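Report on one structure; see the data block that follows.
FYI, it's all coordinate maths here, none of it is from the lab. As the structure is a prediction and not an experimental result, all values here were calculated from the model. With ideal geometry, Cβ positions are generated from the backbone for all residues, glycine too; neighbour counts draw on all protein chains shown.
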Amino acid sequence: MANKGDFVHLHLHSQYSLLDGAIKIKDLVKKAKEYGMSAVAVTDHGNMYASYELYKECTAEGIKPIIGQEFYIAKGSRFDRKKGNEGEKGSYHLVLLAKNEIGLKNLMKLSSIAFLEGFYYKPRIDKEVLEKYSEGLIALSACIQGEIPVLYLQGKEEEAKNVAKWYKELFGDDFYLEIQYHGIKEQEKANQFLIKLSKELDIDLVATNDAHYLEKEDWEAHDVLLCLQTGKKLSDENRLRFSTKEFYFKDANEMLELFKEVPHAVFNTLKVAEKIDVKIKNTGYLLPKYDVPPDYTYESYLRELAEKGLERRFKELGITNGEIKQKYYQRLQHELKIISDMGFPGYFLIVWDFINWAKKNGIPVGPGRGSAAGSLVAYAIGITDIDPLRFNLLFERFLNPERVTMPDIDVDICQEGRDRVIQYVRDKYGEDKVCQIITFGTMKTKMVVRDVGRVLGIPPKEVDKFAKLIPNDAKSIEDAIDRAPEIKELAQENETISKLLKIASKLQGLARQTGVHAAGVVIAPDTLTKYIPLAKSKDGDITTQYDMGQIESLGLLKMDFLGLKTLTIIDKTIKLIKERHGIEIDTRKIPLDDEKTFKLLQEGNTVGVFQLESQGMRNLMRRLKPSVFEDIIALVALYRPGPLNSGMAESYIRRKHGLEPVDYIFPELEPYLKETYGLFIYQEQIMQIANVLAGYSLGEADILRRAMGKKKKDVMEEQRNIFITRAVERGYPREKVEKLFDDIAKFAEYGFNKSHSAAYGFLAYVTAYLKAHYPKELMTTMLSIDYDKTDEIVKLIKDCRENGIPVFPPDVNKSDALFSIEGKGIRFGLAGIKGVGEKAAQHIVKIRKENGEFKDLYDFCERVDLKQVNKKVIESLIKAGAFDSTGISRAANLEVLDNAMSVAQSLQKTKSKGLMNLFDNETKIVNKEFPKVREWPDRIKLEYERQAIGFYLSGHPLLEYKDIVQFSFDLTSEKDSWKDGQEVKLAGAITEVTTKRTQRGDLWATVEISDLEGTVSILVFPNLYREKMEQITEGNVVVIEGSVREEEESKTIIAKDILPLNDEIVKNIRNITIKIYDEEIKDEFLYKLKEFIEKNRNGKGKPVIIEAKLKDCFVKLQLHPDYSLPIEPEVLKELQRLLPKERITIC
């Protein structure tokens, strides 16, 4: 009987051997401890993703971490890219373990080189680079994919022996021959040779188990994982699979039983573990060196920048009062002292430097993001543009002297300039010191259920029905079962579902793929590979192998460079305003009490306005009627699930309109709660209340805020006692203080960072101001930026029309490449036509500007470069109506296209040979006639237009039902707010049908439908497809009833029924429902509503129901039949002037 600790795993694949390993690091360490193992290794395929996590988990549990990697060794040079040498076939396996700190550095270097230099299907190294970086490493010959066993199994015994000698010469006693046995014949044969070779060459053996999953019974879940990797089903015969069920985390007894003939191979794993001594030292913050001017320190240079910057800000703000200035100076000195004491002046200078460079180079930078907007130093030196004293923002929310952590200044940058800023940072600090940060996509609960269902071959409809039972925010299968008991009941009744749940619960949370962080960049003081291993993304970006949390934990500087489209929109709009009107707009000087802007916000006319354009937000604004900038700050904070579901947003509206009393609890709290009508909306308010009532320092108050946010019971109880004791000592009644603390704790989970809300509220206000004063310029810019995004263009064009701005169709004689202002409207850009592209569009515009308008299609073809503007491009232009202004029908233009191109090519060749002077008129040698063909019917014209542009522009098949559709059906513009499993009813035109077959050969379809707002995909499964095949035809106008399927980045509809949209649907309308809120129940509004109904009532109309949502009750009132209203466009439009359409339902 072996002792528990007689074996250590040296070859193991965690979840970071993506879709191959199924072991989570925390579970691994727990199991190793349970087995009494002194150490454990992780050797993932081709990467070190798990290494730092392993180190932290192991050291926390008193187990030695063995950091390693199973490398792919190229058969030739790592630079070879020969076909046939791809993937596994073109490389051998080799396990390398870090023996000491030099070994760890070399391991990271090799792992990085494999990605950056040797990647070809797999990250690879070669023997040349292995020789260079072999110091401090232990090498194992690997599985039967290792070079020595491969050569032996190919009958090349002598070559195999020579390879073993080469490795022994390179690594000495740190090279081991690795034996494994999982019941595979080739392993048995290779093991016999390796045992013999061990004796012959005096190379020690080690036994490993190449573990890919933790428990023996996990083999089935692992088999499903392999299917996910290869896109196969379990039932597929020709698929990747492990030939036995032995690749689990075995204990010492199992390993000694397996290798009882060579037990020393098992014990040698302990010798290997004893050799290893790797420490990842925390050496503090690893900031890059910033060069300050001569005779300055970091502290003195930052102080000078801040003091001079504050004086500039005084001039901008018009502050001359000495007393007010003194408040700013005191705050500045307070912040500078904390920054200096915490050792972060260098950090501020690094951030200031690249932001300053961006601004000097015309790259817009956001006014602030996150808690950094609470810093006056950041405001003074131009990192942010939000005055923290004006908006009562707290520095300690950003940088807490009582909890020393690296500052975190996230920066929004114009999306078109972001890459330039990152390149500036690379140039300044060195390409080898800067890179982007990796992310890991994981198998989320609902998604893993769908994935496993597919692999098990369960019909999609059945899986979908089951997946809908899982709450969207379920953290795990177990959490879903706790919250939705019907899941457990279904699993008990259905063996297949039970199996699905069992496997899904094992795979949930595993890493699925890598990605690149949208904003994160790491900047190191020296070559990055001295600190971390690097990888390369599928798009060729160099990234870290550690995620953001690990990068920060190591003390490296992580910066978030976020590309924000809104900054690009504002910048381009302002430039267009200057170009058209000669007006220079400085966003910092826009008045924050502009009447026109607030009118636009109160009407909810905010499509295109940053943060405020969703349907839900627009409804909220119409009810709130924001009247001061602070309302916008509050809106950004309130429009989230927590405040909306808790009734906080509702209370804010009611209190603003005087329908609910405002209570500050203690008069001392009024200055901090007044702007939010006594509600705890911001995290900063919690800090201020703790400071004023209980005497907390702002640093202590920040710790309280964090504790409340994390809801740790023991910490909360401790803080509760401190808060109450201190407040009572300061003379406040215990009972009221206890209630206050409990109220704060209750709302703390919904509390939002006011600094972030103020910064983003400012951007929202700026875009609203531009829309209120320069709507054409703003919309033209937005349309041009999103010219290739169909849903965005549809939404923006619809909003233009609703605001009285016509959008003219594309025209080769009037359009620019992108959208442009023309008279009172906006002209559609040529690049917005599918298949044209920006280059071809720019070429067409250039030719027109140089030589005048195009007379007709022949003239067009003769003048443009037909290589850039090919037949496909011209077809799209014709179908989009871009030649309509030439007076020739679309049908005739398409009919002569081939001839026009042929004539043009002939003329261009003739001109190039100098033959044109032989003729008085070039038309003598060509036929340029247009045939007399009938123009396409409107239906065909619209369909071609949709194909060319991506949506219907000049009309829509739904237009005759427009007024019914927008009040009676769900709209695609609302799909961002749809929830998984939600029942929806849509009306639209079928624009695309793609049929597929199930494994059983049954037909099903993916159908694209377009309504007046956008498009959405519909899944029509076999039974419904058979029943409704006739309806599922491109061009048909239909009603779809179904439910939402929400996946990671998309929403589709599972169809339950498909009906034709016709007059019968209209005839079946039962009533008109009008919804009102209690803040609207005022004499003026009620009089207008009554006047409207009196004026339009019609005994033959539809009954009217009024639903009133009051504070304490809900009232539903059906009016007398005499007050029925007709379903007529003019009546509905007039009703919309009283209430937003979201509160009018026709059904």
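Each Cα pair under 8 Å and six or more residues apart adds its sequence gap; the mean of these over the residue count of the range 529-653 is a relative contact order of 12 percent.
Taken about its Cα centre, the range 959-1065 carries a charge dipole of about 480 debye when Lys and Arg each add +1 at the Cβ and Asp and Glu each add -1 at the Cβ.
How high is the relative contact order of the chain, given as a whole-number percent (alpha carbon pairs under 8 Å, six or more residues apart)? Display every interim value, and only then the final one.
Numbers: 1967 pairs, mean separation 78.8, N = 1147.
Dividing the mean separation by the residue count of the chain yields 7 percent.
Compactness of the range 482-571 is given as radius of gyration and Dmax, 21.1, 61 Å, from Cα positions. A Förster radius of 30 Å combined with the Cβ-Cβ distance from residue 337 to residue 312 puts the calculated FRET efficiency at roughly 0.85. Taking each DSSP H run with n ≥ 4 as -39500 (n - 2.57) and averaging over every residue of the chain yields -14000 deg cm²/dmol at 222 nm.
In the range 778-949, a dipole from Cβ-located charges (positive for Lys and Arg, negative for Asp and Glu) runs towards its positive end, and of 804, 874, 785 it is 874 whose Cα lies farthest in that direction.
By its C-alpha gyration tensor, with a ≥ b ≥ c as the square roots of the eigenvalues, how is the range 260-406 shaped: rounded for a/c under 1.5, else prolate for a/b larger than b/c, else oblate? The partial results should precede the final answer.
On the way: a/c = 3.09, a/b = 2.84, b/c = 1.09.
In terms of gyration-tensor shape, prolate.
Residues 774, 546 in ascending order of nearby Cβ atoms (within 10 Å, fewest first): 774, 546.
Can you tell me how the range 474-531 classifies by the Cα gyration tensor, rounded, prolate or oblate, using a/c under 1.5 as the rounded cut? Because a/c hits 1.5 or more and a/b exceeds b/c, the range 474-531 counts as prolate. For the range 959-1065, the Kirkwood hydrodynamic radius from C-alpha pairs, put into Stokes-Einstein at 20 °C and a viscosity of 1.002 mPa s, yields a diffusion coefficient of 153 µm² per second. In whole angstrom, the range 785-825 maps to an equivalent ellipsoid with semi-axes of 17, 15, 7, each derived as √(5λ) from the alpha carbon gyration tensor and ordered largest first. Sorting 886, 995 from the fewest to the most surrounding beta carbons within 10 angstrom yields 995, 886. The residue list 146, 1017, 887 was ranked by how far each Cα lies along the charge dipole of the chain toward its positive end, using unit charges on Cβ atoms, and 887 comes out on top. For the range 66-138, rounded, prolate or oblate, judged on the Cα gyration tensor with a ≥ b ≥ c (square roots of eigenvalues), a/c < 1.5 rounded, else prolate if a/b > b/c? Because a/c hits 1.5 or more and a/b exceeds b/c, the range 66-138 counts as prolate. The C-alpha radius of gyration of the range 583-767, expressed as a fraction of 2.2 N^0.38 Å, stands at 1.12. Each listed q (0.21 Å⁻¹) maps to a log10 I(q)/I(0) for the range 364-458 from the Debye sum over equal C-alpha point scatterers, namely -1.07. All Cα-Cα distances of the range 10-139, cut into 5 Å bins from zero to the largest, leave 2, 12, 21, 22, 18, 12, 7, 4, 1, 0 percent in each bin in turn.
Rg over Rh of the range 522-611, using C-alpha atoms and the Kirkwood radius, what does it come to?
Values: Rg = 21.5 Å, Rh = 17.7 Å.
Radius of gyration relative to Kirkwood radius: 1.21.
In order along the range 256-266, the Karplus-derived 3J(HN,Hα) couplings, from 6.51 cos²θ - 1.76 cosθ + 1.60 at θ = phi - 60°, round to 5, 5, 5, 10, 5, 7, 9, x, 4, 5, 6 Hz, and Gly and Pro are given as x. Remark: 126, 743, 593 ranked as 593, 743, 126, counting other beta-carbon atoms within 10 Å and listing the fewest first.
With N the number of residues in the range 778-949, Rg(Cα) / (2.2 N^0.38 Å) evaluates to 1.10.
Take the alpha-carbon centre of the range 383-422, take the same for the range 313-358, and report the distance between them in whole Å. If you average the Cα positions of each part, the centres end up 12 Å apart. Checked against a 25 Å cut-off, the cross-linked pairs 26/465; 109/536; 360/565; 771/985; 189/260 give Cα-Cα distances beyond that limit for 26/465; 771/985.
Past 32 Å, Cα to Cα: identify those pairs from 746/1109; 739/1051; 122/867; 30/82; 64/499, in the order given. Intermediate results must be reported in sequence, preceding the final value.
Working: 746/1109 25 Å; 739/1051 43 Å; 122/867 39 Å; 30/82 44 Å; 64/499 37 Å.
Violating the 32 Å limit, Cα to Cα: 739/1051; 122/867; 30/82; 64/499.
When you work out D = kT/(6 pi eta Rh) for the range 575-649 at 20 °C and 1.002 mPa s, using the Kirkwood radius from C-alpha pairs as Rh and the Stokes-Einstein form, the result is 156 µm²/s. The mean sequence distance of close C-alpha pairs (under 8 Å, at least 6 residues apart), as a share of the length of the range 959-1065, puts its relative contact order at 27 percent. Rg ratio for the chain: its Cα radius of gyration over 2.2 N^0.38 Å, N being its residue count, equals 1.09.
Under a point-charge model restricted to the Cβ atoms of Lys and Arg (+1) and Asp and Glu (-1), what is the dipole moment magnitude of the chain relative to its Cα centre, in debye to the nearest 20?
Numbers: 172 positive and 180 negative charges, 311 e Å.
For the chain, the charge dipole is close to 1500 debye.
Applied to the range 90-98, the Karplus parametrisation 6.51 cos²θ - 1.76 cosθ + 1.60 on θ = phi - 60° returns per-residue 3J(HN,Hα) values of x, 8, 9, 9, 8, 9, 10, 10, 7 Hz, with x for Gly and Pro. Distance from the C-alpha centroid of the range 1068-1109 to that of the range 804-835: 40 Å, rounded to the whole angstrom.
Enclosing the Cα atoms of the range 1072-1146 in their convex hull gives a volume equal to 84 cubic angstrom per residue. Remark on residue 67: its backbone amide H falls under 5 Å from those of 98, a criterion applied only to residues 5 or more positions apart or on other chains, H modelled at 1.01 Å from N. The range 1012-1038 and the range 858-885 have Cα centres lying 33 Å from one another.
With +1 on each Lys and Arg Cβ and -1 on each Asp and Glu Cβ, how big is the dipole of the range 505-557 about its Cα centre, in debye rounded to the nearest 20?
Numbers: 5 positive and 5 negative charges, 56 e Å.
Using Cβ point charges on Lys, Arg, Asp and Glu, the range 505-557 gives about 260 debye.
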